[in-house]
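Colleague: Have a look at this one before I ask anything.
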Amino acid sequence: MKCKVENLDWVSYERLVSNGDRKIIIPVGAIEQHGPHMSLNPDVLIPDYIACRVAESAQNMLVSPPIAYGYKSQVKSGGGNFFPGTTCVSSQSLENYVHDVILAFVEHGNREFLLINGHFENSMCLVEAADRAVRQARLAGIDIKVILLSYWDFISEETIGKVFPDGFSGWAVEHGGVLETSIMLKIHPELVDMSRAVDIPPAEFPPYDVFPPDPSWVPESGTLSSPLKATAEKGEWILEECISRIAATFR
Ligand SMILES: [Zn+2]
């Protein structure tokens, strides 16, 4: 794919970014269990796919390699950090890593960035990374702009209604549920095995967190709702809406 920074040679890359008008999209995800029916990487593959499609729809965007390791999975949004396979980093590590990657791209002459988040828990680490990068660049006399978004914020009520005709239980319990599974069935069906999908009611949690986390709060499957009604068609509805709305906002 031509939009991927890492697939370019340095001479072509330098030519593309030399006048500073490229926007660099950085997908940020997590390696986190998503139930027995799906691979560990939906939070990486989904924002990466969206990033590439958004970049293809414009002339002035390049996609950075995705940042695969995200901030620690939390019980009430990702099942918790104790699941085998869930491989996460501290907030400081993620913040510093994203901050450093942005500033490395700034050194090359890039001035505009779009962070596409695919893992809820990353949110505030990315806020801090973006904020610090902007202030750090300003100290060197360089003004940069960083836009931060989570792709699910671009899904309309109307699409939610279509994807969840029996009612929507809320974003918090969508971990490994219909939404992510449908998107994965569309973009990476080889990484989903619906015969292993577990049917459970949406998880319910008390209105507080506890540390150390209590695994008995989490459904055994690791998903926080049932993925059984996921289909590739629903995945396509969600993706097309996210991609067109993100592209329209940042073109
Ligand atoms: Zn996820």
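Colleague: Sort largest first and round to whole Å: the equivalent ellipsoid semi-axes of region 145-251, each the square root of five times a Cα gyration tensor eigenvalue.
Modeller: They are 25, 19, 13 Å, listed from largest to smallest.
Colleague: Quick check: the angle from helix 123-139's long axis to the longest principal axis of the chain, C-alpha only, nearest 10 degrees?
Modeller: Roughly 10 degrees between the two axes.
Colleague: Could you work out the relative contact order of the chain, using alpha carbon pairs under 8 angstrom and six or more residues apart, expressed as a whole percent?
Modeller: Over the chain, the number comes to 24 percent.
Colleague: OK, next. Using DSSP to define loop residues, name the GluC sites (Glu not before Pro) in region 201-251 whose beta-carbon has at most 15 other beta-carbon atoms within 10 Å.
Modeller: Passing both the DSSP loop test and the Cβ count: GLU204, GLU220.
Colleague: Express in whole angstrom the spacing between the alpha-carbon centres of region 31-89 and region 158-188.
Modeller: Each part's Cα centre sits 16 Å from the other's.
Colleague: A further question follows. Considering only the other residues whose Cβ falls under 11 Å of the Cβ of PRO206, what net charge follows from Lys and Arg at +1 and Asp and Glu at -1?
Modeller: -2
Colleague: Normalising by the residue count of region 155-251, find the relative contact order in percent from Cα pairs under 8 Å and 6+ residues apart.
Modeller: Contact order relative to length: 43 percent.
Colleague: Just report the Cα centroid separation between region 2-18 and region 191-227, whole Å.
Modeller: Rounded to whole Å, the Cα centres lie 42 Å apart.
Colleague: So what does MET124 come to for accessible area, using a 1.4 Å probe and Å² rounded to 10?
Modeller: Surface open to solvent at MET124 totals about 140 Å².
Colleague: Assigning unit charges at the beta carbon (Lys, Arg +1; Asp, Glu -1) and nothing else, what dipole magnitude in debye, to the nearest 20, does the chain show about its Cα centre?
Modeller: In debye, rounded to 20, the chain gives about 680.
Colleague: Shifting gears a bit: Determine the share of the chain's accessible area contributed by carbon and sulfur atoms, expressed in whole percent, with a 1.4 angstrom probe.
Modeller: That fraction is 53 percent.
Colleague: Still on this structure, please answer the following. Where Lys and Arg each count +1 and Asp and Glu each count -1, what net charge lies around GLU32 among other residues with Cβ under 11 Å from its Cβ?
Modeller: -2
Colleague: Compute the acute angle (0 to 90°) between the alpha-carbon long axis of helix 91-107 and the principal axis of greatest extent of the alpha-carbon atoms of the chain; round to the nearest 10°.
Modeller: Here the helix axis deviates by roughly 30 degrees.
Colleague: Accessible surface of LYS162 in the full protein assembly, 1.4 angstrom probe, to the nearest 10 Å²?
Modeller: For LYS162, solvent-accessible area is about 100 Å².
Colleague: If you wrap a convex hull around the alpha carbons of the chain, what volume per residue comes out, as a whole number of Å³?
Modeller: Looking at the chain, the number lands at 126 Å³ per residue.
Colleague: To the nearest 10 degrees, how steep is helix 178-187 against the longest Cα principal axis of the chain, on a 0 to 90 scale?
Modeller: 50
Colleague: What FRET efficiency would be calculated for the residue pair SER156, ASP21, taking the C-beta separation as r and a Förster radius of 30 Å, to the nearest 0.05?
Modeller: Rounded to the nearest 0.05, the efficiency is 0.45.
The values are calculated or read from the model by the stated rules, or taken from the named source; none is laboratory data. In this text the structure is predicted, and so the values were computed from the model without any measurement. Reconstructed Cβ throughout: ideal geometry from the backbone, glycine too, with neighbour counts over all protein chains shown. Note: areas computed on protein heavy atoms with side chains; ligands, DNA, RNA excluded. Shrake-Rupley method; radii C 1.70, N 1.55, O 1.52, S 1.80 Å.
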